[in-house]
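Computed from the coordinates by the stated procedures, all read-outs in this text should not be read as laboratory data. Everything numeric here is computed off the predicted structure, so don't read it as measured data. No Cβ is skipped: glycine too gets one built from the backbone with ideal geometry, and neighbour counts run over all protein chains shown.
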Amino acid sequence: MATTSDAPIPDETAVEAVDPAKLKMVPPPGTGWKRRKRAVAGAGVSGPINSLDDGCLMHIFSLLSPIPDRYNTALVCHRWCYLACHPGHWLRVERPIKCLSEPGVFPDLETAISAARPGDTILIAAGGSHLASDIQIKKPLCLVGGGDLPDDTILTCSRASNSAIEFLSTCKVANLTVRAELGCCILHRSGRLTIEDCILQCEENPLDFLSFPIISTAKGSHAFKSTVKGHGDSVTVAQTRIEGGAKAVLTCGTLALQHVRAIYAPKAVFFWFEAVEK
C-alpha cells in the first residue's frame, strides 16, 4: 500500500538564483585568449588599492622603508612614482637643480640637512661628487644614495676637514661612497648609527696613521644606562667596503667591537660588525 511521503515538496520560488558573474565565460570566436590575458595583466594597476585617493596612498607609502620598498613602489606606474617620490616623503640633493621652484630639492647636502625634519630621508642624486666637510647631524635622518651602486653617489671630504659627516643622533647611511683625504669619513659622537651597503675610503698619504674610515667617541651614560635593547649609543656596519686608513674603526669612548665578520673579495674587503657599549 502506497503511503504519502513526509518530505516537503520543493518550492520553485526558493530555488537559488545563479549569479551570471560566476558563470565561466568562453571568449567569442576569433578573439582568442591573448586579449583576456592582457586584461588580467593590467588588473594589478587598476585594482582596489588604486581606487584610493592620493592622500591615502601617500600615507601608505610613508610607512614603507625608503630603500628598497618605497623605491620599488615608484616603478609600478606614473601615479605611484609621483606619490612615492613626493617631497613629503624625502628631500633630494641634486647638482645642478633643474627647476629652482621645485619643493624639496636642494643644491647641496648641508642645506638639505638644515631644512630636514627629524625622521626625514634625504636622497642624494647619483653622478658627480658632492662636498661633505664637517657636516653635523643632530636629528634622526636617513641619507641614501640615488644610484644603483654605492660608487654612483660620492661624498668627498676636503683635506682640511676632520670628517665628512659628524653624527650626534640616531641615523642611517646607505648606498653611498664617502671619501676622505685626512681625518675620517664618519665621526660618531652619539646615537645609534647604521652604515649599510656603503664604501668608505681614506685616500693614501704619508699620514695614513692619522686616518680612520670610522671614528666613534661615544661615551654613553652609565648613570642612566637604558635597559631596553636597541637604545643607547652604537654603530652597526653591514656589507660595507672599507679602504685605507690605519684600521677600519677607532673607538675612543666606551664602545667595543662585537660580531666582526669580513669577506675578502679580489679587490676589496667587506665588513660586518657592531660597536656597542662594553
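Pairs to check: LYS172/LYS247; LYS139/LYS172; LYS138/LYS247. Give those whose C-alpha atoms are more than 19 Å from each other in this structure. Please list the in-between numbers first.
Working: LYS172/LYS247 22 Å; LYS139/LYS172 11 Å; LYS138/LYS247 26 Å.
Pairs exceeding 19 Å: LYS172/LYS247; LYS138/LYS247.
Add +1 for every Lys or Arg and -1 for every Asp or Glu among the other residues with Cβ under 10 Å from the Cβ of GLY145, and state the total. The partial results should precede the final answer.
Values: positive: none; negative: ASP148, ASP151, ASP152, ASP197.
Cβ neighbours under 10 Å give a net charge of -4.
Find the centroid of the Cα atoms in segment 259-278 and in segment 158-179, then give the distance between the two in whole Å.
Cα centres, segment 259-278 to segment 158-179: 18 Å.
Label points 7 Å out from Cα along the Cβ direction at SER65 and ALA262: separation in nm?
Output for this residue pair reads 2.6 nm.
Please give me, ordered by residue number, the trypsin sites (Lys or Arg not before Pro) of segment 152-198 that lie in loop per DSSP and have at most 14 other Cβ atoms within 10 Å.
Sparse-neighbourhood loop trypsin sites (Lys or Arg not before Pro): ARG159.
If you take every residue apart from ASN175 with its C-beta less than 11 Å away from the C-beta of ASN175, what net charge results, scoring Lys and Arg +1 and Asp and Glu -1?
-4
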